[in-house]
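Below: one structure, written as structure tokens.
The values are calculated or read from the model by the stated rules, or taken from the named source; none is laboratory data. Because the structure is a prediction, the values reported are computed rather than measured. We place every Cβ from the backbone using ideal geometry, glycine too, and count neighbours over all the protein chains shown.
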Amino acid sequence: MTQRWRRTLSGDTQNPQGKARGPGRPRDPQTDAAILDAALGLFVANGLDGASFEKIAREAGVTRATIYRRWSTRETLIADALGRLKENAEQDFGEWRALPLETLVGMMIDYGPKGWVEHDARRLLARIIGSVPDAPDLLGVFWEVYLAPRRAAFNVIVERARAEGALPADTDVDMFQDMFSGALMYELLLKPGAKTEEGLRSYFTRLLKELGLGDAVARHLANAQSA
């Protein structure tokens, strides 16, 4: 990954070009946020070609000069916009590691589908994959700021299941997650038809059962019915 993308991943969205600033007027964080939100929204809705500086400026209510003072390329701007997802990813995973296994599995079943539907993550993933020929670094940024934190959280669940005997002791944690993620990507991106929260929740449940976590799923469903 180039140096500019490393700066993005380290959270340096206030000075994405890494240039030293003089004693001028400080940047307005609300303007920055408006530009980044507009860039991400247009990218998700229309792809890379639909997220021009002109369209982003119009959506954010700023001039193109305002954007040019902050970002020299559209790809860097969108990378920084993707970087904002990291804040949400880090907030999603709090002090939950000591929860019972069935509760952790239940969190996946209850909140995973909701996130994919509410945040239009399916379309975002499709846009990222579609941009690979023209802006391959965006996929790396998306992996680091969005997918990697969720993968790390899922690994905790798989490791807990292995330690408690819910999965075989020799379960390959990374391979388990690859199989889960691969099946989910197939369901989301290759199977035609609209994806609803209810439908994805059913798919999550069936998938976790097939991968060997049926007992934890059953305990979660029993607890939910008795609540």
- Task: Please specify each residue of the range 51-67 satisfying the condition of being surrounded by 13 or more Cβ atoms within 10 Å (Cβ to Cβ) and assigned to a helix (DSSP H, G or I).
- Result: F53, K55, I56, A57, R58, E59, A60, R64, T66, I67
- Item | Failed item in (1) surrounded by 14 or more Cβ atoms within 10 Å (Cβ to Cβ); (2) within 30 Å of L77 (Cα to Cα); (3) touching a residue at least 12 places away in the same chain (Cβ under 8 Å); (4) not charged (D, E, K, R), with L200 passing the rest | (2)
- Unmet requirement for A153, which otherwise passes all of (1) closer than 28 Å to G193 by Cα; (2) crowded, with 16+ Cβ neighbours inside 10 Å: (1)
- List the pairs whose first member sits in the range 71-85 and is under 17 Å from P149 (Cα atoms) and modelled with pLDDT under 85, whose second member is of a type in the set (D, E, K, R) and in a helix (DSSP H, G or I), and whose Cβ atoms are under 8 Å apart, counting only residues at least 6 apart or on separate chains? R84/D37
- Counting only residues that are surrounded by 15 or more Cβ atoms within 10 Å (Cβ to Cβ) and part of a helix (DSSP H, G or I), the range 160-175 contains a total of 4
- Message: Tell me yes or no: at least one residue of the range 98-109 is loosely packed, with under 14 Cβ neighbours inside 10 Å, part of a helix (DSSP H, G or I) and of a type outside the set (S, T, N, Q).
- Response: no
- Message: For a quick check of your reading of the model, give me the residue pairs whose first member lies in the range 209-227 and is assigned by TED's automatic domain parsing to the domain that holds T103 and among the acidic types (D, E), whose second is surrounded by 14 or more Cβ atoms within 10 Å (Cβ to Cβ) and not in a helix (DSSP H, G or I), with beta-carbon atoms closer than 9 Å and at least 6 apart or on different chains.
- Response: D215/A166
